[in-house]
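Student: Got a structure for you, written out below as structure tokens; questions coming shortly.
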Amino acid sequence: VPAPCPTVATYRLLRAFCDELARCGMRFACTSPGSRNTPLVLSLVREPELRCFSHIDERCAGFFAVGAAKAGGRPVAVTCTSGTASAELAPAVVEAHWARVPLIVLTADRPAQLRDVGAGQAIDQLKLYGDAAKWFYEMELPPVLDAAAMRWVRQLACRAYWTAVEGRPGPVHLNLPLREPLILDGPLGEETEFPGRPDGRPWVASGRAGARAEPACALPARTVIVAGRVEHDSALEHAAAALAESMGLPLLADALSATRAAPTAIATYDLLLRDPALAARLAPELVLRVGDLPTSKPLRGWLAGLGDVPQLAVDPEAAWQDPDGVVSEILATLPSIGAARADPAWLAIWRDADATAGAALTTALADEASLSEPLVARRLGEWLAPEHTLFVAASMPIRDVELYLPAARPLPRVLSNRGANGIDGIVSSAFGAAAASPGPVVLLIGDVALAHDLGGLLAARRLGLELTIVLLNNDGGGIFHFLPVSGEGDAFDEHVATPHGLDFAHAARLYGLHYVHAQTEDELHAGVRAGIGSGAVTLVEVRTERAANLDVHRRLADKALGAVSRRARAASPRA
Ligand SMILES: Cc1ncc(C[n+]2csc(CCOP(=O)(O)OP(=O)(O)O)c2C)c(N)n1
Ligand SMILES: [Mg+2]
């Protein structure tokens, strides 16, 4: 009996596997170096429909894939070699799980016989990512090539793709034990015996849609719409904005929601709901939630405290964004509307308070002597156009963007890693977004987050992508000054705020970035303008001070809420 040639079978099967990924719609893949995953890397690279990006650090590869999948709206494959390399993908898999980003993680492994016997670079990779992987499959390739093996591998590729993208999207993990020899000793040639489906169709097509019917419910006159991050369904965001406009409903629009640009969007909810008396007057008869719950703590607290008010969540991805357990119904689509209009007196309180707070913030921001962190967020919202993407880091940047990004005007697309709110991998994700975005990407990031993914800056030299990074450098975690831990004595500074004294101009030199230190609004504007369209990576640094930043935020909120309550008193003097 002639010995089968498992390497040829391996390559033919992986060739068909990548072909199916591309047929399903995949366009991007990320590779990282190693020997065991060579068959995977070569198969991905040789698939003509895939653009492959090489990364030295698997953590960067994973987060780059997260950004590319987020911005491109399709699953992205990422592959690595065996051992700790596969563990390095864990942070990105965790982020992708919680943010519902479709990834196909392909970890090379040693065959089972070489595990736990002292063979090198072999760890237990089975279900390595636990529940963070939507689906785990030990993808042991059949050693012989036949029709059954080909059907199996084509179907498996489709299943991985659709599983990643349908329902609640997320990462799927396929672990591939691969045997030596890992490379062919001659050209593979074209496969003709076991072709895929005609007309470039995938082996298994999918047309699964939300099966649940649209509920027929008339919305009451005091219905508030809370619109958060959606990312995968712009039609839903459009419909929510249209519903708000046609009924005249208050639309509390998170900066991560495309509805923020809608004419009836309310941007200052985070501020207004800090005032308990005002929050009580703004209370609705029904809440319609669309997408993720926004970050705002006052908003979350207000929603949690609405008692018996029905709260409907349009949640086509089964995301269960309800930490307080107050959602009463989960819907797959927006409810239909009657001809009802919003209660005009109640709507006026919302609109008036938002307009007053917004105008007061605009004045107060301009009155600040130095270039403040909130002003940077506001100006980026004003300067960037709808074809631009603003990638926002966790910590204060996302909070400042939520409150200070303007509303009801053309805005950039805003993306952020909100699955696990990590400050890790953000530079890499922004590069991934840059690779998959049709227009320029600007990253707004704090210094600790930048320091955490400094290695992500390698992409500047290696991948030829454009990115404009606006760094808010307050020498540590400025957010902690807003939290109760800031009172924790001497240890606070060293162990919580973690000042580092880094001079990021050196990082710019090391990684080959253009560097601008912006001390004024004009310098910031010039730096951002120079970065966008340059084809290169630009670092625009704004230096601030953590304690002063806390004061700025307090001053702005006091001025805006003061203006709102003065106006309310003027409108009804006896109140
Ligand atoms: C991976 C990870 N480690 C730690 C944290 C906890 N954390 C939240 S915010 C923050 C500080 C971020 O500092 P910086 O990026 O400078 O932003 P700033 O708070 O100054 O706005 C830290 C360490 C986290 N969210 N993610
Ligand atoms: Mg900081």
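The values are calculated or read from the model by the stated rules, or taken from the named source; none is laboratory data. What you see is a predicted model, and the numbers here were worked out from it, not measured in a lab. Backbone-built Cβ (ideal geometry, glycine too); neighbour counts: all protein chains shown. These accessible areas exclude ligands, DNA and RNA; they are computed on the full protein's heavy atoms, side chains included. Shrake-Rupley method; radii C 1.70, N 1.55, O 1.52, S 1.80 Å.
Student: For the stretch 429-438, indicate whether the set of residues that are at pLDDT 95 or above, in contact with a Leu (Cβ under 7 Å, 6 or more places away or on another chain) and either within 16 Å of ligand 1 (Cβ to nearest atom) or not aliphatic (A, V, I, L, M) (or both) is non-empty.
Tutor: yes
Student: Also, quick follow-up: Out of the residues in the stretch 60-80 meeting the condition of being surrounded by 24 or more Cβ atoms within 10 Å (Cβ to Cβ) and of a type outside the set (A, V, I, L, M, F, W, C), tell me which one is farthest from P440 (Cα to Cα).
Tutor: T79
Student: Tell me, which residue of the stretch 97-114 that is charged (D, E, K, R) and out of contact with any Leu (no Cβ under 7 Å at 6 or more places or on another chain) is surrounded by the fewest Cβ atoms within 10 Å (Cβ to Cβ)?
Tutor: R110
Student: Filter the stretch 382-422 for residues that are over 19 Å from L361 (Cα atoms), open to solvent by less than 20 Å² (accessible area, probe 1.4 Å) and among the hydrophobic types (A, V, I, L, M, F, W, C) and give the result.
Tutor: Within the stretch 382-422, L384, L390, F391, V392, A393, A394, V414, L415 qualify.
Student: Just checking, how many residues over the stretch 167-178 are at pLDDT 95 or above and either open to solvent by 10 Å² or more (accessible area, probe 1.4 Å) or part of a loop (DSSP other than H, G, I, E, B) (or both)?
Tutor: The qualifying residues number 4.
Student: Which residues, taken from the stretch 86-96, are more than 26 Å from G291 (Cβ to Cβ) and open to solvent by 10 Å² or more (accessible area, probe 1.4 Å)?
Tutor: The answer is A87, E88, A90.
Student: Okay, next question. Mind listing just one residue for me: the one in the stretch 68-105 that is touching a strand residue (DSSP E or B) at 6+ places or on another chain (Cβ under 8 Å) and hydroxyl-bearing (S, T, Y) and, of those, nearest to L14 (Cα to Cα)?
Tutor: Of everything passing the filter in the stretch 68-105, T79 is nearest to L14 (Cα to Cα).
Student: Another one. Considering only the stretch 502-512, state which residues are surrounded by fewer than 20 Cβ atoms within 10 Å (Cβ to Cβ) and within 13 Å of ligand 1 (Cβ to nearest atom).
Tutor: L502
Student: Another one. What do you reckon, is E140 assigned to a loop (DSSP other than H, G, I, E, B) and within 22 Å of A22 (Cβ to Cβ)?
Tutor: Judged against the criteria, E140 is not a match.
Residue-by-condition table, conditions (1) within 16 Å of ligand 2 (Cβ to nearest atom); (2) touching a strand residue (DSSP E or B) at 6+ places or on another chain (Cβ under 8 Å); (3) of a type in the set (S, T, N, Q):
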{"position": "G419", "(1), (2), (3)": "no, no, no"}
{"position": "G425", "(1), (2), (3)": "no, no, no"}
{"position": "V441", "(1), (2), (3)": "no, yes, no"}
{"position": "G446", "(1), (2), (3)": "yes, yes, no"}
{"position": "L450", "(1), (2), (3)": "yes, yes, no"}
{"position": "L454", "(1), (2), (3)": "yes, no, no"}
{"position": "L458", "(1), (2), (3)": "no, no, no"}
{"position": "L463", "(1), (2), (3)": "no, yes, no"}
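Student: Sort through A85, A68, A96 and tell me the only one that's at pLDDT 95 or above and either under 15 Å from I56 (Cα atoms) or among the polar types (S, T, N, Q) (or both).
Tutor: Answer to the check: A85.
Student: For the stretch 467-495, enumerate the residues that are in contact with a Phe, Trp or Tyr (Cβ under 9 Å, 6 or more places away or on another chain) and near ligand 1 (Cβ under 8 Å from one of its atoms).
Tutor: N473, F480, listed by residue number.
Student: Also, quick follow-up: Give the residues of the stretch 445-464 that are among the small types (G, A, S), near ligand 1 (Cβ under 9 Å from one of its atoms) and surrounded by fewer than 20 Cβ atoms within 10 Å (Cβ to Cβ), sorted by residue number.
Tutor: Within the stretch 445-464, just A451 meets the criteria.
Student: If I filter the stretch 394-431 down to residues being of a type in the set (S, T, Y) and over 18 Å from V93 (Cα atoms), which single residue comes out as farthest from the chain's Cα centre (by Cα)?
Tutor: It comes out as Y404.
Student: Do you know which residues across the stretch 257-271 are within 21 Å of T333 (Cβ to Cβ) and open to solvent by 20 Å² or more (accessible area, probe 1.4 Å)?
Tutor: A258, T264
Student: Pull up the stretch 33-49, narrow it to residues that are more than 28 Å from the chain's Cα centre (by Cα) and of a type outside the set (S, T, N, Q), then point me to the one that is surrounded by the fewest Cβ atoms within 10 Å (Cβ to Cβ).
Tutor: Among residues in the stretch 33-49 that are more than 28 Å from the chain's Cα centre (by Cα) and of a type outside the set (S, T, N, Q), the one surrounded by the fewest Cβ atoms within 10 Å (Cβ to Cβ) is R46.
Student: Let me ask something else about it. Mind listing whichever residues of the stretch 465-485 are open to solvent by 10 Å² or more (accessible area, probe 1.4 Å), more than 9 Å from ligand 2 (Cβ to nearest atom) and either under 21 Å from the mean Cα position of the chain (by Cα) or without any contact (Cβ under 8 Å) to a residue 12 or more places away in the chain (or both)?
Tutor: L465, E466, L483, P484, V485 - these are the residues of the stretch 465-485 that are open to solvent by 10 Å² or more (accessible area, probe 1.4 Å), more than 9 Å from ligand 2 (Cβ to nearest atom) and either under 21 Å from the mean Cα position of the chain (by Cα) or without any contact (Cβ under 8 Å) to a residue 12 or more places away in the chain (or both).
Student: To continue, here is another question. Against the definition (in a helix (DSSP H, G or I), within 15 Å of ligand 1 (Cβ to nearest atom) and surrounded by fewer than 21 Cβ atoms within 10 Å (Cβ to Cβ)), how does A530 come out, yes or no?
Tutor: Judged against the criteria, A530 is not a match.
Student: Out of the stretch 363-397, which residues are away from ligand 2 (no atom under 15 Å from the Cβ), within 18 Å of L556 (Cα to Cα), polar (S, T, N, Q) and modelled with pLDDT of 95 or more?
Tutor: Answer for the stretch 363-397, where residues must be away from ligand 2 (no atom under 15 Å from the Cβ), within 18 Å of L556 (Cα to Cα), polar (S, T, N, Q) and modelled with pLDDT of 95 or more: just T363.
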